[in-house]
Structure formats: C-alpha cells, structure tokens
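K.L.:
The structure that follows is given in the form of structure tokens.
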Amino acid sequence: MSHVDDKYRERIGAMSASERVRRAEEMFCWSRDFLARTLAEASPGISEADLKWEIALRQYGSSSAFQALVNECRSRASR
C-alpha cells in the first residue's frame, strides 16, 4: 500500500459515521451532476424530464428489470 492510501484510510477512519455518509452523498451528487452536464452537452435539445430518465438509466440501468420500469414510467409520463 502506498503512502497516499495510508493517509486516505487514516482520514476516512477519523471521520464519524455521519461525516462518511455526508461525504458519500456529496460524491453521489457530484457524479449525478457531472452525468447530467455530460448528457445535456451531448444532446442540447433534451428536455429536463428526458434528462432525468436518461440519468436514471445510466446510473441504475444495469438491471433489465429497472430498464423496463423506467421505460414504462417514461411512456406514462409522456402521455
């Protein structure tokens, strides 16, 4: 293990449970926002609603059951 790894583990270990959860939430929000910016840049005309569905598919779409659910909800919402 490197010195950087040791320092990382030391600092994470010094955090309280709530600090670790807060940090995880911040990282999740950052990654979601990054994905949203990337998708919006790639598809400039995408609506806010479609952007939300695309983000959900990118984040959780590895499950075919989830993909089917998102597509069903998406079609209902567009009616």
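K.L.:
How much mean residue ellipticity at 222 nm does the chain get from its helices, if each DSSP H run of length 4 or more adds -39500 (n - 2.57) and you divide by all residues, to the nearest 500 deg cm²/dmol?
P.N.:
The per-residue figure over the chain is -27500 deg cm²/dmol.
K.L.:
Just to check I understand the Karplus step: with θ = phi - 60° and J = 6.51 cos²θ - 1.76 cosθ + 1.60, what whole-Hz values come out for the range 19-27, glycine and proline as x?
P.N.:
Running phi through 6.51 cos²θ - 1.76 cosθ + 1.60 with θ = phi - 60° gives 5, 5, 5, 4, 5, 4, 5, 4, 5 Hz.
K.L.:
The list [x] 5.3; [y] 8.0; [z] 5.0 gives values of mean projected area of the Cα convex hull in nm², and only one came from this structure; which label was calculated from it?
P.N.:
Working out mean projected area of the Cα convex hull in nm² from the coordinates points to [y].
K.L.:
Here is a follow-up. Calculate, for V4 and L39, the FRET efficiency according to 1/(1 + (r/R0)^6) with r their C-beta to C-beta distance and R0 30 Å; round to the nearest 0.05.
P.N.:
Here the calculated transfer efficiency is 0.40.
K.L.:
Quick one: 3J(HN,Hα) in Hz for the range 61-76, Karplus 6.51/-1.76/1.60 with θ = phi - 60°, rounded, Gly and Pro as x.
P.N.:
Those phi angles translate into x, 6, 8, 5, 5, 5, 4, 4, 4, 4, 5, 5, 5, 5, 5, 5 Hz.
FYI, it's all coordinate maths here, none of it is from the lab. Predicted model, so just to flag it, every value in this text is computed and none were measured. A quick note on method: Cβ atoms are made from the backbone with ideal geometry, for glycine too, and the neighbour counts reach across all protein chains shown.
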